[in-house]
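Structure first, then comments.
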Amino acid sequence: MKAISYILPSMAYGGDYNPEQWEENVWYEDAVLMKKAGVNLVSVGIFSWAVLEREEGRFDFTWLDKVMDILHEHGVGVCLATATASPPAWLSRNYPESLAVDSSGVRYSFGSRQHYSPNSPVYRKAVKKLVTKLAERYKDHPALKMWHINNEYGCHVSECYSPDSLEAFRAWLRRRYTTVDTLNEKWGTNFWSQRYNYFDDVTFLNNTPTFPNPGQQLDYKRFMNDSLFELYLLEKKILRDITPGVPVFTNFMFEFKPLNYFSWARELDVVTWDTYPDPREGTPEAHAMQHDLMRSLKDGQPFLVMEQVTSHVNWRDINVPKKPGEMRLWSYSATARGSDGIMFFQWRQSRAGAEKFHGAMVPHSGDENSRTYREVQQLGEELKLLDSLTGAVVPAKAAIIFDWENWWAVEMEGKPHNKLSYLEQVKTYYHTFYKQNIAVDFVQPGSDLSSYHFVAAPMLYMLKDGEEKNLENYVGEGGTLVVSFFSGIVDENDRIHLGYYPEPLRHVLGMHVEEFVPMAEADTNQLSAGTDHYRCTTWSDVIHLDTAEAAAYFTGDWYQGRPAVTTNPYGKGKAVYVGTEPEQAFIDDLLTGLMREKGITPPAFAPQNVEIVERTSGKGRHLVIVNHNQEETRIELESGRSYVDLLTGTEVENEVIVQAVDVLVLREAEQK
Ligand code: GAL
């Protein structure tokens, strides 16, 4: 199945469209305004179940038929939703057991959204019926471009404790372990007398007096991920059978822990995600990291921003609007990092309901001269000039290992340090790349790493079977690997890899850790690296060298003078271990030095808060430059190459000026 660039000939532009909230005359107005704004794709029907199936089995498609026709007549494609994210009142009335149950054992009530239990057979049956009807009805409609399956799976309910879920959990365990003895062994249930005699003895861990069994907790997270994924696959199968040529996807979320998006992405034709940076936070670096992650989920295939907001959301404590120009700038940040379009939540600002104060492409005033609509229109016009960018990839020679199961495991309680944040550790490493505009992908510990010269593995606590060999081979073949503290500690069931830490990586790292020394929040230590000194916090490892050399030492506490950072030549490559959380400057210096050794450089050098990303395809090599600063910036380009500025059509070479809060999209001209 094909990426977005094959579905639409140009950048996708549009948003969630909820015509059921409006009278029919507004639909015509909408279509005209969409056309004027350059909209070519809208997601219709995400929360329409109640108006599509008014009572069980009583379907009404007349309004949707009309909407589809109007959109098509105005040249707007439809990303048709399967409408399953919010079941109607009749489902909870007739089948209360279809409602999800929270961790205190209380059923969610109807009247908001996403209240269904993912493991409810009733919900699943109703989903099948609705999706089949929709697919059959619209399979030949010319407006249908893609299927938007459900919406943000797990957003509100990522855990369910209903009787249906318990039964499904036990069945899941039977499939995974076959015998209860295996389950007992994998979960280490001889500890605290937790042994089970039968699979049916297993209950939920939602109200244990103290720390629950870690192996069981981890498997519950896997199970919930799989339950939601089954829902997606169930819908996908119906859609594939009836509309084999229409791409399918669901939309992912920001820093979303409950779902292992790497495994989901394999079943999506296009990765799409919803990005809502808080304007109060300034430069949206964390969202840039998510763009890079989303691009990485399908091995570098361009993704699509499925939702962002024009101005402000309504779900933060204080909802500050994006300043003039910021929406455009952040859209380009996404585009630079691999998005083949920009979509918003939502088209027209709602009149009623919980999101009526959430921004939209058309504000309450409905005014074409509003700042919001004008900015929407400008971006729409500009994206039309960027056809050659669609399908282009971001060539990266460096990667950061990111693993969802590791995220789940390392943040469960009972650790030497119980305030560790996996994402914060990853972000520290990502920051060096972001700041220097060095392209970086995210990979899994078992991924093929052969195309990368440099790989960082921050806090890779869990190492599953075979992953240590993958890392070892990577270094052996010439790669540079950086591993940070509390890595290589447990297997996939959260059982210790016995020996000195990190046992599976001892060989490649050439060192071992005898003891962990977590630090209280206010405590610091210091690293000395040659003549330089850096602050470090959070954690120290008491390290012994085997074949590695020390690259930095601790200067304080009872382990002073012991190595803090080590380097080990291994095969044709090098493995570096960082046994603490050093201040950012140290990570920057370390990573910059290692990348320089490998010839990894940015496409151009730029001052702080200026993003430069290369996107390349058969249609050309592009540089997207995003200046977040309030003053203009001058960028020197590689000499001997000339470019076309795609937004103005002018030719540039040697250097460019990017105005304050502005962007440039350059395409390298054909060599003369
Ligand atoms: C998303 C969701 C949309 C809308 C939006 C508001 O999480 O998919 O339906 O609620 O948030 O920001």
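The one condition from (1) within 32 Å of the chain's Cα centre (by Cα); (2) farther than 19 Å from Gln346 by Cα; (3) buried (at least 18 other Cβ atoms within 10 Å of the Cβ) that Gly105 does not meet is (3).
Across the stretch 90-102, the number of residues qualifying as open to solvent by less than 60 Å² (accessible area, probe 1.4 Å) and assigned to a helix (DSSP H, G or I) comes to 5.
Let's see how each residue does on (1) surrounded by fewer than 22 Cβ atoms within 10 Å (Cβ to Cβ); (2) more than 16 Å from the ligand (Cβ to nearest atom); (3) in a helix (DSSP H, G or I):
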{"residue": "Phe110", "(1), (2), (3)": "yes, yes, no"}
{"residue": "Gln114", "(1), (2), (3)": "yes, no, no"}
{"residue": "Thr132", "(1), (2), (3)": "yes, yes, yes"}
{"residue": "Glu159", "(1), (2), (3)": "yes, yes, no"}
{"residue": "Leu166", "(1), (2), (3)": "yes, yes, yes"}
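Among helices (runs of 4 or more DSSP H) entirely within the stretch 323-437, having at least 3 residues that are out of contact with any Phe, Trp or Tyr (no Cβ under 9 Å at 6 or more places or on another chain) and open to solvent by less than 40 Å² (accessible area, probe 1.4 Å) singles out 326-336, 371-383, 422-436.
When Trp264 is tested against (1) open to solvent by 10 Å² or more (accessible area, probe 1.4 Å); (2) in a helix (DSSP H, G or I); (3) within 19 Å of Glu492 (Cβ to Cβ), only condition (1) is not met.
Here is a yes/no grid of residues against (1) open to solvent by 10 Å² or more (accessible area, probe 1.4 Å); (2) among the β-branched types (Val, Ile, Thr); (3) in a helix (DSSP H, G or I):
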| site | (1), (2), (3) |
| --- | --- |
| Glu20 | yes, no, yes |
| Tyr28 | yes, no, yes |
| Val32 | yes, yes, yes |
| Lys35 | yes, no, yes |
| Arg54 | yes, no, no |
| Asp69 | yes, no, yes |
| Gly75 | yes, no, no |
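Residues in the stretch 606-628 that are among the acidic types (Asp, Glu) and either open to solvent by 40 Å² or more (accessible area, probe 1.4 Å) or at positive phi (or both): Glu614 alone. The set of residues from the stretch 616-631 being part of a loop (DSSP other than H, G, I, E, B) and of a type in the set (Lys, Arg) comprises just one member, Lys619. Do any residues in the stretch 611-636 that are of a type in the set (Asp, Glu) have Cβ atoms under 9 Å from those of residues that are loosely packed, with under 15 Cβ neighbours inside 10 Å and in a strand (DSSP E or B), where the two are at least six apart or on different chains, and which pairs are they? Going by the 9 Å Cβ cut-off, the qualifying pairs are Glu632/Ile657; Glu636/Glu655.
Being buried (at least 23 other Cβ atoms within 10 Å of the Cβ), more than 16 Å from the ligand (Cβ to nearest atom) and not basic (Lys, Arg) is the requirement here; does Pro87 meet it?
Working: buried (at least 23 other Cβ atoms within 10 Å of the Cβ): yes; more than 16 Å from the ligand (Cβ to nearest atom): no; not basic (Lys, Arg): yes.
Taking the combined requirement at face value, the residue does not satisfy it.
Scan the stretch 558-577 and tell me whether some residue there is surrounded by fewer than 18 Cβ atoms within 10 Å (Cβ to Cβ), in contact (Cβ under 8 Å) with a residue 24 or more places away in the chain and among the aliphatic types (A, V, I, L, M). No, there is no match, as no residue in the stretch 558-577 is surrounded by fewer than 18 Cβ atoms within 10 Å (Cβ to Cβ), in contact (Cβ under 8 Å) with a residue 24 or more places away in the chain and among the aliphatic types (A, V, I, L, M).
For the stretch 488-539, filtering for residues that are under 26 Å from Asn190 (Cα atoms) and buried (at least 20 other Cβ atoms within 10 Å of the Cβ) leaves 7. Cβ-Cβ contacts under 6 Å between residues 6 or more apart (or on different chains), taken from a first residue in the stretch 144-170 that is β-branched (Val, Ile, Thr) to a second residue that is away from the ligand (no atom under 13 Å from the Cβ), are listed as Ile149/Thr82; Ile149/Tyr232; Ile149/Glu235; Ile149/Val248; Val157/Ala100. The combined condition, being within 12 Å of the ligand (Cβ to nearest atom), under 30 Å from Lys129 (Cα atoms) and crowded, with 19+ Cβ neighbours inside 10 Å, is not fulfilled by Phe256.
For the stretch 308-360, residues that are under 19 Å from Gly45 (Cα atoms), basic (Lys, Arg) and within 13 Å of the ligand (Cβ to nearest atom) total 1.
Taking the residues in the stretch 646-660 that are assigned to a strand (DSSP E or B) and of a type in the set (A, V, I, L, M) as candidates, determine which candidate is farthest from the chain's Cα centre (by Cα). Talk me through it step by step, then tell me what you get.
The first filter runs over the stretch 646-660 and keeps only residues assigned to a strand (DSSP E or B), leaving 651-653, 655-658.
If we keep only those that are of a type in the set (A, V, I, L, M) too, we end up with 652, 656-658.
Details: Val652: 35, Val656: 32, Ile657: 32, Val658: 29 Å.
The extreme case among them is Val652.
For (1) open to solvent by less than 20 Å² (accessible area, probe 1.4 Å); (2) charged (D, E, K, R); (3) assigned to a helix (DSSP H, G or I), each residue gets a yes or a no:
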site	(1), (2), (3)
Phe169	yes, no, yes
Arg175	no, yes, yes
Trp192	no, no, yes
Gln216	yes, no, yes
Arg222	yes, yes, yes
Ser227	yes, no, yes
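Which of the residues belonging to the stretch 469-487 are under 25 Å from Ala439 (Cα atoms) and surrounded by fewer than 22 Cβ atoms within 10 Å (Cβ to Cβ)?
We begin by selecting, within the stretch 469-487, every residue under 25 Å from Ala439 (Cα atoms); these are 470-485, 487.
Hits for the stretch 469-487 are Asn470, Glu472, Asn473, Gly476, Glu477, Gly478.
When the stretch 332-352 is limited to residues that are among the polar types (S, T, N, Q) and under 16 Å from the mean Cα position of the chain (by Cα), the one that is nearest to Ile625 (Cα to Cα) turns out to be Ser333.
For first residues located in the stretch 280-309 and closer than 24 Å to Glu267 by Cβ, partners that are open to solvent by 10 Å² or more (accessible area, probe 1.4 Å) and within 15 Å of the ligand (Cβ to nearest atom) and lie 6+ apart or on another chain with Cβ distances below 6 Å form the pairs Gln290/Phe254; Glu307/Phe345.
Within the stretch 269-280, none of the residues are modelled with pLDDT under 95 and polar (S, T, N, Q).
All conditions in (1) in a strand (DSSP E or B); (2) surrounded by 15 or more Cβ atoms within 10 Å (Cβ to Cβ) hold for Arg634, with the sole exception of (2).
The values are calculated or read from the model by the stated rules, or taken from the named source; none is laboratory data. Predicted model, so just to flag it, every value in this text is computed and none were measured. So basically every Cβ, Gly included, is an ideal-geometry build from the backbone, and we count neighbours across all protein chains shown. With ligands, DNA and RNA removed, areas are computed over all heavy atoms of the protein, side chains included. Shrake-Rupley method; radii C 1.70, N 1.55, O 1.52, S 1.80 Å.
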